[in-house]
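A short worksheet on the structure shown next.
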Amino acid sequence: MSAPVSQSTRRTRILLACVALASLSACGGGRDRPKADLAAAQISTIGVNSYLWRAALDAVSFAPLLQVDSAGGVIVTDWYANPANPEERVKMSITILDQDLRADALRVAASRQVMQAGTWVDAPVQAATVQKLEDIILTKARDLRRKAVAS
């Protein structure tokens, strides 16, 4: 009988699978964008790329939202503690900087705290964690764009 897989191991495996998918699903090599993509991304009531916006909201949907500004492209979560590891919590900030669907139009930051002697203490966040979240958002945004162009 095998040992049960921990929640953090399961989450790591899912994130790694998403990163692998992101590397396989790069946007097309050409610079020409389908007209449907340009129209869907820029004709909206929000001030940033709608695909990145929807993908970012989806990616952090597990955490409570503290601040959401679609005109400025800012999403800030409140502290989230995984029920399987309540001694650690994270807070994320996502900023979408442009109306174009590009990797450099996305900025992700994360803060992490651990419980020590009954108080929350700041702890380092691995750079790979932020990069994985960026990859998840970009992959989801590309998928949303592909679906919009195909329809």
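The values are calculated or read from the model by the stated rules, or taken from the named source; none is laboratory data. Computed from a predicted model, the values in this text were never measured in an experiment. Here Cβ is always computed from backbone atoms with ideal geometry, including for glycine, and neighbour counts include all displayed protein chains.
Taking the conditions (1) surrounded by fewer than 15 Cβ atoms within 10 Å (Cβ to Cβ); (2) at pLDDT 95 or above; (3) closer than 21 Å to SER61 by Cα in turn, VAL76 satisfies each one other than (1). When segment 100-110 is limited to residues that are modelled with pLDDT of 95 or more and loosely packed, with under 15 Cβ neighbours inside 10 Å, the one that is farthest from PRO83 (Cα to Cα) turns out to be ARG107. Among the conditions (1) touching a residue at least 12 places away in the same chain (Cβ under 8 Å); (2) in contact with a helix residue (DSSP H, G or I) (Cβ under 9 Å, 6 or more places away or on another chain), VAL68 misses just one, which is (1).
Tell me, yes or no, whether segment 47-60 has at least one residue that is among the β-branched types (Val, Ile, Thr), modelled with pLDDT under 55 and in a loop (DSSP other than H, G, I, E, B). Checked segment 47-60: no residue is among the β-branched types (Val, Ile, Thr), modelled with pLDDT under 55 and in a loop (DSSP other than H, G, I, E, B). Among the residues of segment 113-127, write down those that are under 25 Å from the mean Cα position of the chain (by Cα) and either at pLDDT below 95 or in a loop (DSSP other than H, G, I, E, B) (or both). PRO124, VAL125, GLN126, ALA127 - these are the residues of segment 113-127 that are under 25 Å from the mean Cα position of the chain (by Cα) and either at pLDDT below 95 or in a loop (DSSP other than H, G, I, E, B) (or both). Mind checking whether some residue in segment 138-145 is assigned to a helix (DSSP H, G or I), among the small types (Gly, Ala, Ser), free of Cβ contacts under 8 Å to residues at least 60 places away in the same chain and under 20 Å from ASP69 (Cβ atoms)? No, every residue in segment 138-145 fails to be assigned to a helix (DSSP H, G or I), among the small types (Gly, Ala, Ser), free of Cβ contacts under 8 Å to residues at least 60 places away in the same chain and under 20 Å from ASP69 (Cβ atoms).
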